[in-house]
Amino acid sequence: MPDRLPVRVDPYRLAEKGRTLSGELAVDKMPRLKLLLAGSSGDVECRLVFSKQVRQYFLTGHIKGCLKLTCQRCLESYDQEIDSHFSLLLVADDREAERVQEMAEPLIVVDDELDISTIVEDEILLSMPAIPRHREERDCLSHEMVNEIESLPDTQQENPFAVLEKLKKH
Ligand SMILES: [Zn+2]
């Protein structure tokens, strides 16, 4: 069993030590994400690297998983792969965030504490497709519909008069 990630961490302490946290997070623990899902079971795999470079603190990460979304073309649920890399520069407040915005994606840290699942949830929400749907349109057809199309008689594609001719002969 992979590890569960801690809920809250001190990112500065982890960055000083150059620590990496990896483990799984339950989708069920992410309320904003859950609202968008067709099914909230399952986990996402996360790898979070805390580092310090020239007096700046960074959190880089990788999130992988599979989410159940509702296809906006056929309204059936489907599996959406999530594979997201991100890099955040830790800052103390809005002012600092504005200052670094040009060169890095800022993340405001309040009281030297970060809520891991909130960050992971934010990153997943950012990496979600704008319009969730099956990758291929043909995947949208339900099984019954596919069978129906396949069982249609070939005569449908023939010239209608040729079909009439056939009927007359019988
Ligand atoms: Zn679909």
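Quick note: the coordinates plus some simple rules give every number you see, no bench work behind them. Nothing here was measured: the structure is a model prediction, and the numbers come from that model. Here Cβ is always computed from backbone atoms with ideal geometry, including for glycine, and neighbour counts include all displayed protein chains.
When each of D3, D112 is scored by the number of other beta-carbon atoms lying within 10 Å, the sequence from fewest to most is D3, D112. Over segment 1-56, the Kirkwood radius and the radius of gyration, each from Cα atoms, give a ratio Rg/Rh of 1.10.
Remark: segment 8-142 carries a charge dipole of roughly 200 debye about the Cα centre, counting +1 on each Lys and Arg Cβ and -1 on each Asp and Glu Cβ.
Using 0.36 nm per residue and subtracting the Cα-Cα separation, the extra length available between E102 and S41 on full extension is 18.2 nm. Estimated from the Cβ-Cβ distance and a Förster radius of 22 angstrom, the FRET efficiency linking A92 and V7 is about 0.50. Placing unit charges on the Cβ atoms of the charged side chains and taking the dipole of segment 8-142 about its Cα centre, the candidate lying farthest along the positive direction among Y57, T70, I82 is I82.
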